[in-house]
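Working notes, beginning with the structure itself.
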Amino acid sequence: MFNLFKKKPPITTLRLYALQKQGDDYIQRPQLLKGVFAAWKSVTGTLPEDFDIDGPYGIAKGRTVGLKSFLSKLQKKGHSAYHGYTGVHEDHGGLHVSFFEAPPYSAAFVEIVLWLYEPNAVDAAVEMVRQLLAMHKIDYGYLIELPHDHDPVSEPRIKRGILGTSISVGNNSLNKWHRQVQTLQDGLVRDIYSLNFLNAKQVEQITHL
């Protein structure tokens, strides 16, 4: 299982978004996995060790599998049945990819979350973006630093309960943003962060503020 309570410095978290459009810009799931793995390994020197798949891949709730088993399950059952996947390395951070469908969302999109415990995490994050942009179209992204006791995927603080770990009430701000992601092509941004990766329309809107 994921060990989220080992004492760590603030979590440098990179969130990237790609609208799913038909045609040349449509992201293929196997290629995206390869790209995310390559980008993450380029700055950590390794790959995550523990994985979970959001879908019918035979992983019990609250359990994880190793890299070999993760890849084997995808090879046997393919990539079409999952809603996303998560990989964690206790010493380096992790990655999470989610596919949001329309409906219920107004537009289909992919959210890529990459978090790092590296000493030069900001520079490493920029390098990961550079590598992903060489392989996939990214419409928007930003870098945010979270306290070490927060969940990098959903962002709320993680509490230790009597019966084990638990995550505090869901992040309404993030949920609201997910409902608005399609408008990023019209210039919407979630907020202004210390590091932002903007599309042309977003740059135009911000310069007119």
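The values are calculated or read from the model by the stated rules, or taken from the named source; none is laboratory data. Computed from a predicted model, the values in this text were never measured in an experiment. When we count neighbours, we look across all protein chains shown, and the Cβ atoms used for this are built from the backbone with ideal geometry, even at glycine.
Just a few scattered comments:
- Cβ-Cβ under 7 Å pairs, at least 6 apart or on other chains, segment 166-186 side farther than 17 Å from Phe109 by Cβ and at pLDDT below 90, far side of a type in the set (S, T, N, Q) and surrounded by 13 or more Cβ atoms within 10 Å (Cβ to Cβ): Ile167/Ser154; Gly170/Ser154; Asn171/Ser154
- Residue in segment 175-209 that is farthest from Phe99 (Cα to Cα), counting only those that are out of contact with any Phe, Trp or Tyr (no Cβ under 9 Å at 6 or more places or on another chain) and of a type in the set (Val, Ile, Thr): Thr207
- Strands (runs of 3 or more DSSP E) completely within segment 8-99 that count 1 or more residues being β-branched (Val, Ile, Thr), touching a helix residue (DSSP H, G or I) at 6+ places or on another chain (Cβ under 9 Å) and touching a residue at least 60 places away in the same chain (Cβ under 8 Å): 11-19
- Every condition in (1) touching an Asp or Glu at 6+ places or on another chain (Cβ under 8 Å); (2) surrounded by fewer than 15 Cβ atoms within 10 Å (Cβ to Cβ) is met by Ser80 except one, and the failing one is (1).
- Unmet requirement for Glu111, which otherwise passes all of (1) farther than 20 Å from Val189 by Cβ; (2) among the charged types (D, E, K, R); (3) not in a loop (DSSP other than H, G, I, E, B): (1)
- Cβ-Cβ distances below 7 Å connect the following pairs, each with a first residue in segment 112-126 that is at pLDDT below 90, a second residue that is part of a helix (DSSP H, G or I), and a separation of six or more residues or different chains: Glu118/Val43; Glu118/Thr44; Glu118/Ala124.
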